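Written out below as structure tokens is the structure these notes cover.
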Amino acid sequence: GESEAERRAALLREITEEGGFAFVASAEKAAAGDLRAAEAAREMAWEQLHSGPWSEVGSAWRDAYALACLHVARLRRAAADRRAALRALDMGLIMGGNLLRADLEAALASIAAEPSDGEGDGAEAVDEEANRWREGLDRNRDIADALKILPTKSLSCKEIARRSCISLEEFICDHFLPETPVIISGCIDHWPAMTKWKNIQYLKKIAGDRTVPVEIKELHEDIMVPDYCYAGGGELQSLNAWFGPHGTVTPLHHDPHHNILAQVLGRKYIRLYPGSVSEDLYPHTETMLSNTSQVDLDNVDMNEFPKVENLDFMDCILEEGDMLYIPPKWWHYVRSLSISFSISFWWRTTVISPSA
């Protein structure tokens with residue numbers, strides 16, 4: 001195959017033909033070690049990526065963006081700014097084309113292999129960080145504390161059924177087909193993530209400076225897709241990791257897919273309303289937002305949204321090691337009660353579901 005230099009030269013010729021003279025001039029200065037030129041080239045490519053619908057952006061500009069990210073990362077790393085280098089490479093992987101993907105991955109691997117010199121790496125700093133981390137995970141263990149920060153009426157209506165590691169058949173008959181939520185406990189205790197991710201040093205090493213948690217191979221190896229996601233001839237649509245401090249809120253919305261939310265670290269409060277009450281949750285009228293409610297559960301305006309007050313809902317505190325099945329079209333509101341790391345598995349079915 002062509003050498004890396006040939007690939008890059010061909011790309012620059014193509015960009016020149018598309019009128020990207022300024023980009024090419026900056027990229028050449030960047031190759032010679034000019035960080036400001038590298039940043040300028042990245043900015044120009046970024047603008048091209050956002051100049052119209054994503055599907056119409058030429059692959060050459062996506063590759064050009066990746067090339068600029070490689071230059072920025074190399075020069076940032078030379079200036080000992082490891083975090084900025086990693087961020088540039090991550091963005092190159094997310095937004096860039098395929099031409100230089102292997103180069104981006106090689107650069108990431110080589111930075112990850114270097115010992116990272118954290119700020120103040122003394123043993124005390126590490127201990128203090130570990131203590132803060134443990135405290136962050138332990139917040140709001142007491143229901144009374146949790147209730148002070150939760151929306152009104154929380155945990156007073158119907159609790160979501162909780163079952164211990166049921167069989168796939170029971171899951172399909174009792175929950176998947178009737179589309180009723182359930183918490184399944186005791187099923188992910190064997191995941192390496194359940195022990196490894198409690199260690200802040202491990203998480204920092206793998207994900208600390210990274211922008212894209214789930215694409216990281218190591219994190220992927222720490223979890224497994226639950227069997228329940230194959231219900232209904234399922235086809236996994238996407239896997240998302242949600243990592244955040246306590247107090248992170250996802251407002252009331254619904255999704256078109258079946259969803260299993262696995263709580264790996266910490267705890268979350270989750271409230272669910274069935275699709276049958278959609279109208280009373282005042283969905284936004286614009287099509288783009290029609291799966292999102294106008295109601296802020298943390299601060300409900302009863303004059304504007306009177307129907308919400310007496311609606312039945314189901315809710316729970318999802319604890320470490322729990323998985324929650326959220327059927328399609330069920331509205332959900334989520335609030336982290338502590339530092340929290342969860343993974344959601346979305347799948348859609350190939351068979352016709354009874355509610356269709």
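Here are a few things to note about the model shown:
- Listed cross-link partners Lys217/Lys268; Lys158/Lys268; Lys153/Lys329; Lys148/Lys307; Lys148/Lys198 are compared with a 19 Å cut-off, the Cα-Cα value being larger for Lys217/Lys268; Lys153/Lys329; Lys148/Lys307; Lys148/Lys198.
- Angle of helix 21-31 to the longest C-alpha principal axis of the chain, folded into 0 to 90 degrees and rounded to 10: 80°.
- Helix 35-49 and the longest principal axis of the Cα set of the chain meet at an angle near 60°.
- Cα point-scatterer Debye curve for segment 4-113, base-10 log of I(q)/I(0) at q = 0.10, 0.11, 0.20, 0.23 Å⁻¹: -0.24, -0.29, -0.99, -1.31
- Result for the chain in a Gaussian network model with C-alpha springs under 10 Å: among Gly58, Gly244, Gly232, the largest mean-square fluctuation is at Gly58.
- Computed log₁₀ I(q)/I(0) - Debye formula, equal Cα scatterers, no solvent, the chain, q 0.12 Å⁻¹: -1.03
- Dividing the convex hull volume of the alpha carbon atoms of segment 153-304 by its residue count gives 157 Å³ per residue.
- Folded to 0 to 90 degrees: helix 123-138 orientation relative to the chain principal axis, Cα: 40 degrees
Each reported figure results from applying straightforward, stated rules to the coordinates on display, with no laboratory input. Computed from a predicted structure; not experimentally measured.
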